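The next block holds one structure in the form of structure tokens; read it before the comments.
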């Protein structure tokens with residue numbers, strides 16, 4: 001069926017397109033999305049799904065299609081999914097691949113394209129050597145080879161047709177601007193030599209790896225500095241459990257009256273509140289370190305991808321020594337990723353153990369309360 005874009009009434013198109021267009025817009029970058037409250041982004045997700053259902057259920061089947069609405073719905077959904085995953089939140093069900101989501105994150109580097117004029121961008125890339133990587137580097141190479149920039153970008157990442165069309169429609173103006181910038185830059189300065197390009201990426205990667213190691217070591221040292229807090233938490237846990245065991249014996253043997261036990265439980269509740277506050281401080285410290293590790297892992301994945309892409313693009317011209325340097329750096333990145341994953345797993349295990357201890361104390365306390373209120377005395381001894 002042939003699409004009749006003129007078939008949709010303007011007011012219907014504007015109504016349906018308002019939210020998807022806002023989210024899909026390059027101005028609403030991933031950083032802005034990630035800063036929004038989760039509940040707001042989930043409201044947007046539900047509303048985009050509702051719009052999608054109305055569009056495809058009511059208009060699309062009648063041939064009343066609109067390419068820009070198609071593109072904005074697809075792009076809005078992809079950006080929302082990436083924002084959920086990047087903030088460690090539960091992502092709704094979706095059909096996007098990891099490559100597609102990585103590609104979306106790669107467009108973040110185009111933010112500078114939107115802020116500066118073409119002449120300013122030419123000066124910018126001259127001043128900041130090593131920035132012409134990733135999508136920007138693909139654009140420079142495409143212009144130099146006489147290829148279409150956007151086609152080269154989406155084909156190099158093997159983005160499927162429907163999503164590729166969405167990128168072309170939403171980011172088309174930025175890519176045209178980048179293409180014009182690359183053309184002017186090459187006319188004025190020429191392309192950077194292959195070895196210099198690889199060297200700059202390697203240099204940035206090594207510096208970032210060193211910084212990540214320093215930052216993580218500093219963070220973990222600060223966490224180890226809370227060992228006194230951890231020792232207190234362990235001691236307090238044992239004390240609370242011992243108090244609970246005494247209460248449980250008194251309830252079962254009825255050595256103490258109901259009023260006396262009730263009074264003791266109230267005192268225990270007060271002690272527990274103080275202990276939980278200390279627990280939460282330690283939990284927060286672990287969570288902060290875990291979040292930092294996750295961010296560093298993402299940065300390493302980006303750097304790893306840049307190196308692989310640069311080496312693949314330029315392998316024909318790459319000297320043996322430079323190729324070996326790339327291979328060694330990729331090994332170092334992989335080692336650091338594994339080390340970070342191991343440390344993250346350790347911290348999560350410790351945090352989960354603390355949460356388990358708290359739940360156990362709460363459950364046993366609730367059982368005691370039920371018994372004092374007239375329930376049957378069935379206790380599990382620990």
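The values are calculated or read from the model by the stated rules, or taken from the named source; none is laboratory data. Worth saying up front: this structure is predicted, and the values here are computed from it rather than measured. FYI the Cβ positions are ideal-geometry reconstructions off the backbone, even for glycines, and counts take in every protein chain you see.
Structure values in brief
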read-out	value
Residue within segment 6-23 that is closer than 29 Å to residue 306 by Cα, modelled with pLDDT of 90 or more and not in a loop (DSSP other than H, G, I, E, B) present	yes
Residue in segment 322-334 that is at pLDDT below 70, in contact with a helix residue (DSSP H, G or I) (Cβ under 9 Å, 6 or more places away or on another chain) and in a helix (DSSP H, G or I) present	yes
Scope segment 127-150; condition within 13 Å of residue 185 (Cβ to Cβ), loosely packed, with under 13 Cβ neighbours inside 10 Å and at pLDDT 70 or above; matching residues	127
Of residues in segment 24-33 being in contact (Cβ under 8 Å) with a residue 24 or more places away in the chain and either in a helix (DSSP H, G or I) or touching a strand residue (DSSP E or B) at 6+ places or on another chain (Cβ under 6 Å) (or both), the one surrounded by the most Cβ atoms within 10 Å (Cβ to Cβ)	24
Residues being surrounded by fewer than 15 Cβ atoms within 10 Å (Cβ to Cβ) and in contact (Cβ under 8 Å) with a residue 24 or more places away in the chain - total across segment 333-344	2
Of all residues making up segment 34-47, the number that are farther than 22 Å from residue 15 by Cβ and not in a loop (DSSP other than H, G, I, E, B)	4
Residue in segment 181-199 that is surrounded by fewer than 14 Cβ atoms within 10 Å (Cβ to Cβ), within 25 Å of residue 323 (Cβ to Cβ), at pLDDT below 70 and within 33 Å of the chain's Cα centre (by Cα) present	yes
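The rows are residues; the columns are (1) in the same structural domain as residue 12 (by TED's automatic domain parsing); (2) touching a helix residue (DSSP H, G or I) at 6+ places or on another chain (Cβ under 9 Å); (3) crowded, with 16+ Cβ neighbours inside 10 Å; (4) free of Cβ contacts under 8 Å to residues at least 24 places away in the same chain.
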position: 35; (1), (2), (3), (4): yes, no, no, yes
position: 54; (1), (2), (3), (4): yes, yes, no, no
position: 60; (1), (2), (3), (4): yes, yes, yes, yes
position: 64; (1), (2), (3), (4): yes, yes, yes, no
position: 74; (1), (2), (3), (4): yes, yes, yes, no
position: 80; (1), (2), (3), (4): yes, yes, yes, no
